[in-house]
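First the structure, in the form of structure tokens, and then the observations on it.
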Amino acid sequence: MKFKSIIALVVAAMMVPLGGAHAGKEKTKDQQAQEQIRQLQREFREAFGKGPKAAVAFLERILADEAVITENSGEAYSKAEFLQMAKKSDRESLAIEEKDLKLQVHGETVIATGLMVIKGPPREGIRFIHVYVNQRGQWKIVAAQYTAVRRP
């Protein structure tokens, strides 16, 4: 009887590393959040690059109702105010590249920082901070800050 118990313990001990190795291949909640935010950042960049109509459609979906957006001038806007301003824009489409994307996951909140660089004239970029919160299973931007930067 004791021999069977010892064998059972040895088999159980051998299975722990196997289970741990298998579990290590699954993505953590933080890794999943990072992947989802990277995808949303790609969609943001693409929509912004296509022009005001595409940007507004994307922003209506991604901005939380209580979002606060701070522009380069220091002015802070509500979601409704920011969308109204964006709808009035008449700019052309732009080729945009995202650089220096960094993500910090804090539970149900992710802070994304980086630089969107406009390819070609004008020689400008936009340094950004997006604060995402997972609201009922959907990532929404609750706060954003944009600062124009001049490229050399």
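The values are calculated or read from the model by the stated rules, or taken from the named source; none is laboratory data. Please read all numbers here as calculations on a predicted model, not as lab measurements. Every residue, glycine among them, receives a Cβ derived from its backbone with ideal geometry; neighbour counts consider all protein chains shown.
Being more than 17 Å from Thr113 (Cβ to Cβ), among the acidic types (Asp, Glu) and touching a strand residue (DSSP E or B) at 6+ places or on another chain (Cβ under 9 Å) is the filter; apply it to the stretch 27-74 and report the residue that is modelled with the lowest pLDDT.
Checked the stretch 27-74; the qualifying residue modelled with the lowest pLDDT is Glu46.
Going through the stretch 45-68 one residue at a time, which ones are in contact (Cβ under 8 Å) with a residue 24 or more places away in the chain, small (Gly, Ala, Ser) and in a helix (DSSP H, G or I)?
Residues satisfying the conditions are Gly49, Ala55.
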